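Chemist: Let me give you the structure first, and then I'll get to my questions.
The values are calculated or read from the model by the stated rules, or taken from the named source; none is laboratory data. Everything quoted here is computed from the prediction, not taken from an experiment. Reconstructed Cβ throughout: ideal geometry from the backbone, glycine too, with neighbour counts over all protein chains shown.
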Amino acid sequence: MPDKLSHLDDRGRVQMVDVSAKMPMRRTAVAEGFLHAAESTLELLEVGELPKGEALAAARIAGIQAAKRCGELIPLCHPLSLDDVRVSFERVDLTRLRIETQVTTTARTGVEMEALLAVSVAALTLYDMAKAVDKNMAIEGVHLVSKTKEEAT
């Protein structure tokens with residue numbers, strides 16, 4: 001097992017971290033972010049009446065797809081087989097929608113980047129689908145909420 005994980009080789013060049021000596025574990029990461037929009041925009045979003053259609057369904061699928069493709073999009077991320085990806089939405093006040101993702105795998109490395117990418121792409125999809133009715137939206141607060149690992153069974 002290496003003393004420390006590093007994305008730098010002995011000469012200071014970027015490299016993928018070697019996780020081959022690590023044991024596969026069941027790993028879960030939860031991330032969240034927020035879409036700030038006008039109250040009327042979020043109401044249209046919730047009932048599926050935006051001009052582009054059912055934005056929540058599209059954003060859920062986009063988030064799942066993003067998590068599955070993380071290894072292709074983020075340099076040095078290990079391509080992972082994901083066991084589960086969940087994307088959920090909760091209106092937390094009149095002008096703010098919470099987007100949460102939960103990603104699970106059994107692997108030698110975690111799924112934090114997959115969860116963060118899923119939130120980001122889901123939020124961008126909502127933004128794209130609602131931009132025709134709201135020019136003042138903002139995506140904020142994308143961050144990792146938690147990560148866990150346990151022995152694989």
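Chemist: Being surrounded by 15 or more Cβ atoms within 10 Å (Cβ to Cβ), at pLDDT 95 or above and touching a strand residue (DSSP E or B) at 6+ places or on another chain (Cβ under 7 Å) narrows it down to one residue among Ala66, Ala29; which is it? Lay out the reasoning, then the answer.
Modeler: Details: Ala66 fails: touching a strand residue (DSSP E or B) at 6+ places or on another chain (Cβ under 7 Å).
Just one listed residue meets the conditions, Ala29.
Chemist: Let me ask something additional. Quick one: in region 44-63, of everything that is assigned to a loop (DSSP other than H, G, I, E, B) and touching a helix residue (DSSP H, G or I) at 6+ places or on another chain (Cβ under 8 Å), which residue is nearest to Ala132 (Cα to Cα)? Break it down stepwise before answering.
Modeler: Filtering region 44-63 down to residues assigned to a loop (DSSP other than H, G, I, E, B) leaves 48-49, 51-52, 54.
Still in the running and touching a helix residue (DSSP H, G or I) at 6+ places or on another chain (Cβ under 8 Å): 48, 52.
On the way: Gly48: 14, Lys52: 9 Å.
By that ranking, first place goes to Lys52.
Chemist: Could you tell me which numbered condition Val14 fails, if it satisfies all but one of (1) surrounded by 15 or more Cβ atoms within 10 Å (Cβ to Cβ); (2) hydrophobic (A, V, I, L, M, F, W, C); (3) in contact with a strand residue (DSSP E or B) (Cβ under 7 Å, 6 or more places away or on another chain)?
Modeler: (1)
Chemist: Can you pull out every residue in region 70-111 that is surrounded by fewer than 19 Cβ atoms within 10 Å (Cβ to Cβ), out of contact with any Pro (no Cβ under 9 Å at 6 or more places or on another chain) and of a type in the set (D, E, K, R)?
Modeler: Scanning region 70-111 gives Asp83, Asp84, Arg86, Glu90, Arg91, Asp93, Arg96, Arg98.
Chemist: Considering each residue of region 47-63, count those that are surrounded by 14 or more Cβ atoms within 10 Å (Cβ to Cβ) and in contact (Cβ under 8 Å) with a residue 24 or more places away in the chain, and give that number.
Modeler: Of the residues in that region, 8 qualify.
Chemist: Scanning for something in a helix (DSSP H, G or I), small (Gly, Ala, Ser), touching a helix residue (DSSP H, G or I) at 6+ places or on another chain (Cβ under 6 Å) and closer than 30 Å to Leu8 by Cβ, does region 64-74 turn up at least one residue? Reasoning before the result, please.
Modeler: From region 64-74, those in a helix (DSSP H, G or I) are 64-68, 70-73; that's our starting set.
Narrowing the set further to residues that are small (Gly, Ala, Ser) leaves 66-67, 71.
Then drop every residue that is not touching a helix residue (DSSP H, G or I) at 6+ places or on another chain (Cβ under 6 Å), which leaves 66-67.
Cutting the leftovers down to closer than 30 Å to Leu8 by Cβ gives us 66-67.
Checked region 64-74: at least one residue is in a helix (DSSP H, G or I), small (Gly, Ala, Ser), touching a helix residue (DSSP H, G or I) at 6+ places or on another chain (Cβ under 6 Å) and closer than 30 Å to Leu8 by Cβ.
Chemist: Right, here's the next one. Can you pull out the residues in region 87-121 that are within 20 Å of Glu140 (Cα to Cα) and of a type in the set (Lys, Arg)?
Modeler: Correct list: Arg91, Arg96, Arg98.
Results for (1) of a type outside the set (A, V, I, L, M, F, W, C); (2) at pLDDT 95 or above; (3) closer than 30 Å to Ala21 by Cβ; (4) in a loop (DSSP other than H, G, I, E, B), shown as yes or no for each residue.
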position: Phe34; (1), (2), (3), (4): no, yes, no, no
position: His78; (1), (2), (3), (4): yes, no, yes, yes
position: Phe89; (1), (2), (3), (4): no, yes, no, no
position: Val103; (1), (2), (3), (4): no, yes, yes, no
position: Ala115; (1), (2), (3), (4): no, yes, yes, no
position: Thr125; (1), (2), (3), (4): yes, yes, no, no
position: Val133; (1), (2), (3), (4): no, yes, no, yes
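Chemist: For region 17-65, which positions are basic (Lys, Arg) and either touching a Lys or Arg at 6+ places or on another chain (Cβ under 6 Å) or within 24 Å of His78 (Cα to Cα) (or both)?
Modeler: Just the residues of region 17-65 that are basic (Lys, Arg), to begin with: 22, 26-27, 52, 60.
Once the filter is applied, which keeps residues that are basic (Lys, Arg) and either touching a Lys or Arg at 6+ places or on another chain (Cβ under 6 Å) or within 24 Å of His78 (Cα to Cα) (or both), region 17-65 yields Lys22, Arg26, Arg27, Arg60.
Chemist: Is it true that some residue in region 32-45 is touching a Phe, Trp or Tyr at 6+ places or on another chain (Cβ under 6 Å), under 17 Å from Arg96 (Cβ atoms), in contact (Cβ under 8 Å) with a residue 40 or more places away in the chain and not small (Gly, Ala, Ser)?
Modeler: Initially, region 32-45 is screened for residues touching a Phe, Trp or Tyr at 6+ places or on another chain (Cβ under 6 Å), giving none.
No, every residue in region 32-45 fails to be touching a Phe, Trp or Tyr at 6+ places or on another chain (Cβ under 6 Å), under 17 Å from Arg96 (Cβ atoms), in contact (Cβ under 8 Å) with a residue 40 or more places away in the chain and not small (Gly, Ala, Ser).
Chemist: Please list, ordered by first then second residue, the pairs with beta carbon atoms under 9 Å, 6 or more apart or interchain, first in region 128-153 and within 30 Å of Arg108 (Cα to Cα), second in a helix (DSSP H, G or I) and β-branched (Val, Ile, Thr).
Modeler: The qualifying pairs are Val142/Val119; His143/Val119.
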